[in-house]
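For reference, the structure is listed below as structure tokens.
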Amino acid sequence: QVHLVESGGGLVQAGGSLRLSCAASGRIFGINTMGWYRQAPGKQRELVASITSGGSRNYADSVKGRFTISRDNAKNTVYLQMNTLKPEDTAVYYCNAGVFTIAYWGQGTQVTVSS
């Protein structure tokens, strides 16, 4: 079992920045890809960004150039630096970790961007 705890969400004005953190604990051996997803009211959960244990990154088109995902393998923590935030970035952000064929999820953290 892998336990994921997110932090760093909150309320910010458009154009502002936030940094999300997600710390993994438990049976962390075997974690490969870690990432961030988000779900806005009435919408499906979507991938925001992901990073493999080797450092390969993938971003949704809507956040390219504004968000940066990073990972500290020694701390088993993944970060999402979000800059130039827009109201459409408002959502619950979920941390995800892949261990072989199993996906683990955090409890989610709310990000609200006011216009």
Quick one: in the stretch 101-115, of everything that is surrounded by 13 or more Cβ atoms within 10 Å (Cβ to Cβ) and within 12 Å of the chain's Cα centre (by Cα), which residue is nearest to Arg66 (Cα to Cα)? Val111
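State yes or no: is Gln39 under 17 Å from the mean Cα position of the chain (by Cα) and under 15 Å from Val111 (Cα atoms)?
Here the answer is yes, as Gln39 does meet what is asked.
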Among the candidates Gly16, Gly98, single out the residue that is open to solvent by less than 40 Å² (accessible area, probe 1.4 Å), part of a loop (DSSP other than H, G, I, E, B) and touching a residue at least 12 places away in the same chain (Cβ under 8 Å). Gly16
Qualifying position, being of a type outside the set (Asp, Glu) and over 20 Å from Gly108 (Cβ atoms), among Gly26, Gly65: Gly65
Give the residue that is modelled with the lowest pLDDT, with candidates limited to residues of the stretch 101-115 that are farther than 12 Å from Met34 by Cα and not in a strand (DSSP E or B). Thr101
Pairs with Cβ under 6 Å, 6+ apart, first in the stretch 66-95 and closer than 17 Å to Ser56 by Cα and open to solvent by 30 Å² or more (accessible area, probe 1.4 Å), second assigned to a strand (DSSP E or B) and among the aliphatic types (A, V, I, L, M): Arg71/Ile51; Arg71/Val78; Asn76/Ala24
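The values are calculated or read from the model by the stated rules, or taken from the named source; none is laboratory data. Quantities reported herein were computed from a predicted structural model and do not represent experimental measurements. We place every Cβ from the backbone using ideal geometry, glycine too, and count neighbours over all the protein chains shown. SASA here: full protein model, heavy atoms, side chains in, ligands and nucleic acids out. Shrake-Rupley method; radii C 1.70, N 1.55, O 1.52, S 1.80 Å.
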